[in-house]
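Notes to accompany the following structure.
The values are calculated or read from the model by the stated rules, or taken from the named source; none is laboratory data. As the structure is a prediction and not an experimental result, all values here were calculated from the model. Quick reminder, even Gly has a Cβ in these numbers, built from the backbone with ideal geometry, and neighbours come from all protein chains shown.
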Amino acid sequence: MQTIVIGHRNPDMDSICSAIGYARLKQLCGNPDVIAARAGDTNERIDYVLNKFGVEPPVFMPDLSPRVCDVMERNVISVRRDSSAYEAIQVIEREQLRGLPVIDEQNRCLGLLSAFRLCQRLFPAREDVSEARLIEASLPGMVETFGGKVLAGRLDRAMRRHLLVVAAMRPESFSARLGNYRPEEVILFVGDREDVQRLAIAAGVKAIVVTGGLEMPPEVREEAQKAGVTVISSAHDTATTVLLARGAVRVESMISAELFTFNAETPLDEAREKAASSRHFVFPVVDENGALVGMLSKSDFLKPIPRELILVDHNELSHAVHGADKVRIVEILDHHRIGGLMSESPILFWNNPVGSTSTLVTLCYRQAGLPIPKAIAGLLLAGVISDTLNLTSPTATHTDQEVVEHLCKAAQVDAKELADEIFAVGSPLLTMTPEQTIQADSKEYEHDRGCFVVAQIEELSFTHVEERQKGLIEALERCVQGQKLLFMALLVTDINTQNSLLLACGAEAFLKEIDFPQHGPHVWELEGIVSRKKQLLPYLLRCVERMR
């Protein structure tokens with residue numbers, strides 16, 4: 001079972017750093033199958049911190065929706081297209097299979113072979129029973145099925161049409177019957193009847209199978225050798241030998257022409273819907289080249305997904321990675337408001353109104369009695385600094401301050417110096433497109449009156465806002481229209497002055513309720529507002545409630 005520690009859909013510094021830090025704690029506590037992941041791209045500031053402390057970014061997992069590869073059988077049992085029906089029957093019986101994939105030399109799936117198709121071919125309907133004597137097979141293949149040995153002549157390895165004939169009549173009758181067949185196709189099954197053997201040799205049949213473990217007289221064997229007739233001995237009686245010989249037919253002639261396959265990355269919900277409407281019970285899973293990589297049966301849809309989630313820095317599914325609602329969530333560490341998330345069973349849910357999830361992760365190390373690795377301490381310190389604007393945000397608490405002091409010692413880093421380095425890197429307004437800027441750290445919220453999105457970026461000043469303002473407002477408007485939002489807002493925070501500008505587009509009735517000083521069309525000046533969760537979000541919710 002793989003456990004994935006992951007932040008919200010548009011990860012910020014705290015989301016990335018807390019995911020890495022908590023995953024590392026789990027590993028140190030003896031859980032090696034825990035990994036840190038991210039649902040979105042990093043930015044220049046995050047990359048700077050990761051490089052500074054020598055830590056790889058979390059694994060990129062934008063969608064955790066269960067897929068076919070999560071439940072398919074990977075150890076696939078198959079047969080080659082040149083395998084015999086006898087061999088396929090043995091595999092089906094031994095492995096208790098309903099369908100057996102048939103592959104070519106490049107492991108490409110050609111179709112499925114079912115026990116039903118095998119029985120239909122080997123035991124045809126009464127009106128078609130005369131065709132049961134005709135098989136397309138090689139002579140060595142037939143000999144292998146009944147464990148025979150060559151007494152005279154050689155085994156022709158070519159795939160040919162053969163007619164299986166049993167000598168169960170008087171020589172006169174047999175001779176007359178033999179005249180109706182093409183002797184080069186005839187495989188004769190007979191006991192120690194020397195007269196019939198000589199007639200067959202004289203007629204030039206393809207091969208004679210002497211059944212019951214009986215011997216052919218040396219002089220008759222010599223006649224066969226001279227006539228180019230292959231003589232084979234079978235230890236089984238005639239009925240058994242013929243039955244086994246018919247199993248030499250190659251399976252490629254029996255596979256179902258209708259092939260219903262899936263790709264390993266097909267979403268499980270999509271596969272379930274298609275499988276439900278199919279009469280088939282098993283489905284080959286193939287790659288882009290048609291190579292067989294797994295098998296999926298209808299019973300596989302009942303398997304539990306071998307993956308579970310730990311959410312950090314969020315607790316609302318609207319903020320979570322795609323597919324989070326289809327995977328079991330086992331833990332949540334967060335410092336935001338509690339949303340409407342429901343769980344099927346009790347989980348560990350730690351929600352604490354501190355300034356940063358990285359603060360909570362640091363406290364988890366303390367509770368576990370484990371020292372924080374130096375590099376992880378540096379990341380967690382960056383997470384706290386970023387989310388609390390180096391403890392100047394109104395969300396910062398005394399606990400955050402204590403944690404920063406502890407992390408500075410563990411990482412051997414000065415908090416102010418690290419803060420200056422982080423905020424000096426990569427202005428979002430200069431390094432991102434308007435679309436990227438409004439999506440980089442955005443969160444979606446549900447309300448009875450509609451869905452809305454609030455994004456935030458931090459800048460060292462408002463110097464570049466005016467030149468980017470028009471493009472940002474147009475991008476906000478496109479998102480509102482495209483996603484049918486009540487509104488979308490971008491909070492641009494000046495970390496030096498501790499003030500912000502609010503850019504918003506959406507319903508006119510909502511925009512009229514914003515009573516901060518207007519700085520221009522769709523732009524308001526928010527003095528002393530720096531926190532999205534503690535200051536801006538409650539205000540915006542009040543504006544929505546006041547809408548007419």
Original post:
What's the number of the condition Asn10 fails, among (1) under 30 Å from Ala411 (Cα atoms); (2) of a type outside the set (Asp, Glu); (3) modelled with pLDDT of 90 or more?
Top reply: (3)
Original post:
Quick one: in the stretch 332-352, which of the residues that are within 13 Å of Ile310 (Cα to Cα) and of a type in the set (A, V, I, L, M) is surrounded by the most Cβ atoms within 10 Å (Cβ to Cβ)?
Top reply: Leu333
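What tally of residues in the stretch 527-546 results from selecting those that are assigned to a loop (DSSP other than H, G, I, E, B) and either within 16 Å of Asn390 (Cα to Cα) or assigned by TED's automatic domain parsing to the domain that holds Leu391 (or both)?
Step one: of the stretch 527-546, the residues assigned to a loop (DSSP other than H, G, I, E, B) are 527-531.
Now drop any that are not either within 16 Å of Asn390 (Cα to Cα) or assigned by TED's automatic domain parsing to the domain that holds Leu391 (or both), which leaves 528-531.
Qualifying residue count, the stretch 527-546: 4.
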Subject >> Flag for Ile208 being among the hydrophobic types (A, V, I, L, M, F, W, C), within 60 Å of the chain's Cα centre (by Cα) and within 24 Å of Met159 (Cα to Cα) >> reply: yes
Subject >> Tally of residues being assigned to a loop (DSSP other than H, G, I, E, B) and over 19 Å from Arg279 (Cα atoms) across the stretch 83-120 >> reply: 6
Original post:
Between a first residue in the stretch 460-474 that is touching a residue at least 24 places away in the same chain (Cβ under 8 Å) and more than 25 Å from Ala419 (Cα to Cα) and a second residue that is of a type in the set (A, V, I, L, M) and outside any helix (DSSP H, G or I), which pairs have beta carbons less than 7 Å apart while being 6 or more apart in sequence or on different chains?
Top reply: Gln469/Val523; Leu472/Leu490; Leu472/Leu503; Ile473/Leu503
**OP:** Return the total of residues in the stretch 32-79 being among the β-branched types (Val, Ile, Thr) and assigned to a helix (DSSP H, G or I).
**Re:** 4
Original post:
What is the residue count in the stretch 502-526 for residues that are more than 43 Å from the chain's Cα centre (by Cα) and either in a strand (DSSP E or B) or among the aliphatic types (A, V, I, L, M) (or both)?
Top reply: 10
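Over 19 Å from Gly339 (Cα atoms) and not polar (S, T, N, Q), is that true of Pro434?
On the way: over 19 Å from Gly339 (Cα atoms): yes; not polar (S, T, N, Q): yes.
Judged against the criteria, Pro434 is a match.
Anything in the stretch 1-28 that is of a type in the set (S, T, N, Q), touching a Gly at 6+ places or on another chain (Cβ under 7 Å) and closer than 15 Å to Val55 by Cβ? List them, or say none. Give the derivation first.
Of all residues in the stretch 1-28, those of a type in the set (S, T, N, Q) come to 2-3, 10, 15, 18, 27.
Next, only the ones that are touching a Gly at 6+ places or on another chain (Cβ under 7 Å) stay: 10, 15, 18.
Correct list: Ser15, Ser18.
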Original post:
Just a yes or no: is a residue in the stretch 468-486 more than 11 Å from His522 (Cβ to Cβ) and modelled with pLDDT under 90?
Top reply: no
**OP:** Quickly run through the stretch 53-79 and pick out the residues that are over 25 Å from Ala324 (Cβ atoms) and surrounded by 17 or more Cβ atoms within 10 Å (Cβ to Cβ).
**Re:** Phe53, Val76, Ser78, Val79
Subject >> Options Ala382, Ala396: the member that is in contact with a Lys or Arg (Cβ under 9 Å, 6 or more places away or on another chain), outside the structural domain of Ile529 (by TED's automatic domain parsing) and crowded, with 21+ Cβ neighbours inside 10 Å >> reply: Ala382
Original post:
Among the residues of the stretch 5-28, which ones are surrounded by fewer than 24 Cβ atoms within 10 Å (Cβ to Cβ) and not in a helix (DSSP H, G or I)?
Top reply: Arg9, Asn10
Original post:
Only one of these conditions is not met by Gly323: (1) touching a helix residue (DSSP H, G or I) at 6+ places or on another chain (Cβ under 7 Å); (2) at positive phi. Which number is it?
Top reply: (1)
Original post:
So is Gly355 within 23 Å of Arg9 (Cα to Cα), assigned to a loop (DSSP other than H, G, I, E, B) and touching a residue at least 40 places away in the same chain (Cβ under 8 Å) or not?
Top reply: yes
Original post:
For the stretch 265-292, which residues satisfy the criterion of being hydroxyl-bearing (Ser, Thr, Tyr) and surrounded by 17 or more Cβ atoms within 10 Å (Cβ to Cβ)?
Top reply: Thr266
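Taking Gln367, is it surrounded by fewer than 16 Cβ atoms within 10 Å (Cβ to Cβ) and not assigned by TED's automatic domain parsing to the domain that holds Asp41?
Numbers: surrounded by fewer than 16 Cβ atoms within 10 Å (Cβ to Cβ): yes; not assigned by TED's automatic domain parsing to the domain that holds Asp41: no.
In short, no.
Please tell me if Ile92 is under 24 Å from Leu302 (Cβ atoms), among the hydrophobic types (A, V, I, L, M, F, W, C) and at pLDDT below 85. Let's see the steps before the verdict.
Details: under 24 Å from Leu302 (Cβ atoms): yes; among the hydrophobic types (A, V, I, L, M, F, W, C): yes; at pLDDT below 85: yes.
For Ile92, the condition - under 24 Å from Leu302 (Cβ atoms), among the hydrophobic types (A, V, I, L, M, F, W, C) and at pLDDT below 85 - is met.
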Subject >> Restricting the stretch 502-533 to residues that are crowded, with 18+ Cβ neighbours inside 10 Å and not hydrophobic (A, V, I, L, M, F, W, C), the residue that is modelled with the lowest pLDDT >> reply: Lys533
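From Ala202, Ala207, Ala224, which residue is hydrophobic (A, V, I, L, M, F, W, C), touching a helix residue (DSSP H, G or I) at 6+ places or on another chain (Cβ under 8 Å), at pLDDT 90 or above and loosely packed, with under 15 Cβ neighbours inside 10 Å? Full working, then the answer.
On the way: Ala207 fails: loosely packed, with under 15 Cβ neighbours inside 10 Å; Ala224 fails: loosely packed, with under 15 Cβ neighbours inside 10 Å.
Just one listed residue meets the conditions, Ala202.
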